[in-house]
Amino acid sequence: MGFLVLREKKNPSPISVPQTFVDFIGSNLDSNLAMAKERIPDWLNSSLWSTTPSVDGRLHRFSLSPTTTTTTAAAAVSEPIVQPTVPVSPPAAASRPQYTVTSQKYEFRDPIDKNSNNNSNDNDQNASPSGVSPDDISRQAQLLAELSKKVVNFRELRRIASQGIPDGAGIRSTVWKLLLGYLPPDRLQWSSELAKKRSEYKQFKEELLMNPTEITRKLEKSAVDDHSKSESSGLLSRSQVTHGEHPLSLGESSIWNQFFQDTEIIEQIDRDVKRTHPDMHFFSGDLPLAKSNQDALKDILIVFAKLNPGIRYVQGMNEILAPLFYVFRNDPDEEMALLSGFRDHFCKQLDNSTVGIRSTISRLSQFLKEHDEELWRHLEITTKVNPQFYAFRWITLLLTQEFNFADSLHIWDTLLSDPEGPLETLLRVCCAMLILVRRRLLAGDFTSNLKLLQNYPSSNISHLLYVANKLRSQASN
Amino acid sequence: MVLVLAIGDLHIPHRAPDLPPKFKSMLVPGKIQHIICTGNLCIKEVHDYFKTLCPDLHITRGEYDEDSHYPENKTLTIGQFKLGICHGHQVIPWGDLDSLAMVQRQLDVDILVTGHTHQFKAYKHEGGVVINPGSATGAFSSFTYDVNPSFVLMDIDGLRVVVYVYELIDGEVKVDKIDFKKTATASAH
């Protein structure tokens with residue numbers, strides 16, 4: 001899908017809508033569907049992929065049960081209903097109320113088409129009906145169905161999500177939370193989990209973002225009660241400083257010393273946050289919205305750095321945080337908890353030790369060799385384009401820098417939903433990226449290839465993901 | 001949280017060669033936001049040294065200062081507080097608290113930082129607070145030879161000031177602190 005409808009549904013006020021987004025994407029569901037129709041010839045005519053001809057690549061990925069008429073009916077029926085759903089959801093400030101809104105809408109659909117809906121809940125229902133317009137809608141319907149169940153079936157969720165999550169009604173936010181393990185599969189526990197995580201984050205913020213003055217004041221309050229000086233004049237009483245806790249202290253355990261050491265990191269975080277996505281009004285610019293978003297990003301990164309003294313802050317964390325923040329932007333508390341929750345996933349990538357990232361890059365190289373030996377040979381041996389030159393940024397920043405924001409959200413949908421794990425999927429997508437431009441690479445020399453790979457041309461994301469998925473099935477053959 | 005260093009009466013090179021090494025090791029750049037110097041540095045090298053610690057430097061003239069262009073008094077506002085600086089040799093009797101209180105009312109400041117006596121003092125009266133950081137090098141004064149090196153670091157946070165007093169007693173740095181709040185009506189004159 002080259003174009004995603006990204007509408008600022010959570011902000012009813014038109015002023016706060018990032019204009020660049022709305023202008024660029026277009027705010028019309030119909031136009032998106034029209035574009036969806038135009039996609040099919042592209043895949044069919046793709047000369048790069050001549051192996052298995054397919055009408056709709058997605059059909060091949062999953063079980064080939066024929067699309068039922070009831071599905072189409074459900075999709076068609078759901079279309080007029082989903083449209084009104086979308087504008088209604090903006091007033092919901094937190095994500096929690098949105099669940100009830102969408103589930104209510106879904107229950108409304110039930111009486112109309114009970115049978116098919118019941119079936120869709122239980123069976124391994126197939127994906128979109130042969131790539132025609134209600135593609136998005138049916139996926140949205142399926143996701144909503146899945147989310148409104150009491151216990152979410154993860155396999156099912158992953159399957160649907162790997163096709164791409166539509167940008168409506170906070171679905172992506174919920175799905176990502178589930179996929180990242182932030183929310184448990186049991187729906188009933190969601191509100192308590194959310195409340196718990198949010199209060200945890202609040203507590204972290206209070207503890208870690210205090211400057212030493214406030215800390216000393218707090219400690220004093222607990223130790224000495226407030227003795228109000230009744231005398232209006234006279235020598236001020238002096239009190240001993242405990243544990244060498246004075247601002248110029250050079251002791252390792254002194255809060256002041258730690259504070260000054262932390263300011264260096266905080267300065268770096270500040271600089272990076274200011275540079276995040278300068279083209280997006282959401283993140284940068286003079287709007288108060290941008291400022292508050294930047295402050296929230298900063299707080300999250302600072303708290304994370306303090307909680308993880310092993311990793312602290314690494315340049316690039318801001319880029320990874322940006323899409324997460326954007327998706328969950330209703331509640332900044334959650335991204336922080338999320339970031340700490342799945343640090344295993346992403347922090348392995350940010351692992352600056354040469355062993356971590358080097359091994360991943362060499363795996364990518366190996367992968368390419370398996371799938372396209374000619375290209376591999378040309379790249380690594382003939383033109384000596386070392387994968388480190390381009391793949392480092394691809395892998396560590398999870399492709400956020402290579403594509404525009406909307407596309408990278410789509411790619412992340414696939415990354416997160418794949419049961420093999422994000423790293424495997426990432427490698428496949430990188431490999432697919434290389435294969436898609438193979439003609440240009442084979443024709444180029446070191447300079448032009450490097451230039452091409454470091455400024456990867458914008459392409460059809462769905463096609464890219466389709467190719468990446470093909471790589472998976474090919475490897476198993 | 002603004003850190004303000006109040007220091008003075010070093011008398012380098014006439015009465016002392018340099019700051020005590022223990023003080024020097026603590027005074028590193030990057031921590032302090034403002035420096036208030038009561039005077040009697042006396043030479044330009046000391047001025048430059050203070051400039052490396054913090055670019056925002058305020059000095060008033062002491063009677064032995066070689067740079068004659070420092071002002072006699074200075075006032076500045078940091079956060080919610082108005083601070084005044086005066087070396088103190090102009091105020092007679094030297095170190096007399098009532099006379100200093102008069103100077104404070106004249107300058108209309110909450111905190112008056114003054115020196116010349118080479119003795120640390122922190123005194124509160126109804127007009128405000130008078131702080132004397134003493135002599136940072138322990139230079140002898142007209143009163144006495146027995147002077148402990150001392151200086152003051154103020155942590156200004158809203159309406160509250162925590163004054164950290166650094167003294168070198170018997171070769172060891174001792175730190176005390178003094179807390180005071182500014183009431184909203186205190187500066188109503």
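Coordinate-derived values only; no laboratory data. Note that the structure is a prediction, hence the values are computed from the model and not measured. Methodologically, a virtual Cβ is constructed for each residue, glycine included, from the backbone with ideal geometry; neighbour enumeration extends over all protein chains shown.
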Next item on the list: With a cut-off of 12 Å, note down the residues of the range A:432-476 whose backbone N falls inside the zone around a label point 7 Å from the Cα of A:Phe389 toward its beta carbon.
Entry: A:444-455
Next item on the list: Would you mind ranking A:Lys202, A:Lys470 by Cβ crowding within 10 Å, fewest neighbours first?
Entry: A:Lys202, A:Lys470
Next item on the list: Give me D for the range B:2-181 in µm² s⁻¹, whole number, from Stokes-Einstein with Rh from the Kirkwood sum over alpha-carbon pairs, 10 °C and 1.306 mPa s.
Entry: 100 µm²/s
Item checked: Those residues of the range B:100-122 whose amide nitrogen sits under 14 Å from the label point placed on B:Glu72, 7 Å along Cα→Cβ -> B:103-104, B:106-107
Check: Relative to the longest principal Cα axis of chain B, at what angle does helix B:97-107 sit, 0 to 90 degrees, rounded to 10?
Finding: 70 degrees
Checklist line | Whole-Hz ³J(HN,Hα) from phi, Karplus 6.51 cos²θ - 1.76 cosθ + 1.60, for the range A:316-321, glycine and proline x | finding: x, 4, 5, 5, 6, 5
Margin query: Cut-off is 10 Å between beta-carbons; in what order do A:Ile215, B:Ile78, A:Ile461 appear when sorted fewest neighbours first?
Written below: A:Ile215, B:Ile78, A:Ile461
Note to self: Sequence gap at least 6, Cα distance under 8 Å: using those rules, report the relative contact order of the range A:256-320 to the nearest whole percent.
What the structure shows: 29 percent
Check: What FRET efficiency would be calculated for the residue pair A:Lys150, A:Ser459, taking the C-beta separation as r and a Förster radius of 51 Å, to the nearest 0.05?
Finding: 0.80
Margin query: Under a Cβ-only charge scheme (Lys and Arg +1, Asp and Glu -1), can you give me the dipole magnitude of the range B:2-181 about the Cα centre, in debye to the nearest 20?
Written below: 340 debye
Margin query: Using the Cα centre of the range A:352-472 as the reference point, and only Cβ charges (+1 on K/R, -1 on D/E), how large is the resulting charge dipole? Debye, rounded to the nearest 20.
Written below: 300 debye
Check: Taking amide H positions as placed 1.01 Å from N in the peptide plane, with prolines and chain starts having none, which residues 5 or more places from A:Lys149, or on another chain, fall under 5 Å of its amide H?
Finding: none
